[in-house]
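Note sheet for the following structure.
What follows draws every value from the coordinates through simple rules; no lab data is involved. The structure displayed is predicted, hence computed values, not measured ones. Counting neighbours? That spans all protein chains shown, and the Cβs are built from the backbone with ideal geometry, glycine included.
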Amino acid sequence: MAEQEQTGNTPTFVVAGEGGGGASGGPTGGAFTLDRDAMSTELSNLKKLQDRIAAQIGKAAPMWSIQSPGNDPASLRNTEASNKSGLAYCDALTRQRDFVGVFITKIEKALGLHETNDEQAAQTVNLKGDGDHL
């Protein structure tokens, strides 16, 4: 049986059993059904996209931190308008980064990666608690 994850208005992701593959909307009620390898590949691609968006936010910082060339009303208005436009761009990039993050979280959950990470963390804590060195 395939594992399923759905919340809110974002799509459902289903990990197909062995022999599954491709994307499908069939019996899973409109969910994205991918085999484990395809879903892992998409997860990697989404993480790269999220990193690119985050890097763009840093590179675009000058767009919302413009200093006025003078104190006259026209310069101040133009600088304020430019900075507002830059902040709107920053907001758009932030929303894109966060939106991609929703899909990353859903795919990780569908793949069971959070559970694996939690188990590894618990093992590490137990080892540290016993005084053992890693």
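For V14, what residues show an amide H to amide H distance below 5 Å, using hydrogens built from the backbone and excluding near sequence neighbours?
Counting only residues 5 or more places away or on other chains, the set is F32, T33, L34.
Residue by residue through segment 49-63, which ³J(HN,Hα) values in whole Hz follow from phi under the Karplus form 6.51 cos²θ - 1.76 cosθ + 1.60 (θ = phi - 60°), with glycine and proline marked x?
3J(HN,Hα) across segment 49-63, in whole Hz: 4, 4, 5, 5, 5, 4, 5, 5, 4, x, 6, 8, 3, x, 6.
May I ask you to compute the full-extension gain from T94 to Q56, defined as 0.36 nm times their residue separation minus their alpha-carbon distance, rounded to one decimal in nm?
Net length gain for the segment: 12.7 nm.
Take peptides 36-43, 105-112 and line them up by average Cβ neighbours within 10 Å, highest first, as a rough protection proxy.
In decreasing order of mean packing, 36-43, 105-112 become 105-112, 36-43.
Please give the peptides 54-67, 82-95 ranked by average Cβ packing (other Cβ atoms within 10 Å per residue), highest first, as a rough proxy for protection.
Sorting 54-67, 82-95 by mean packing, highest first, produces 82-95, 54-67.
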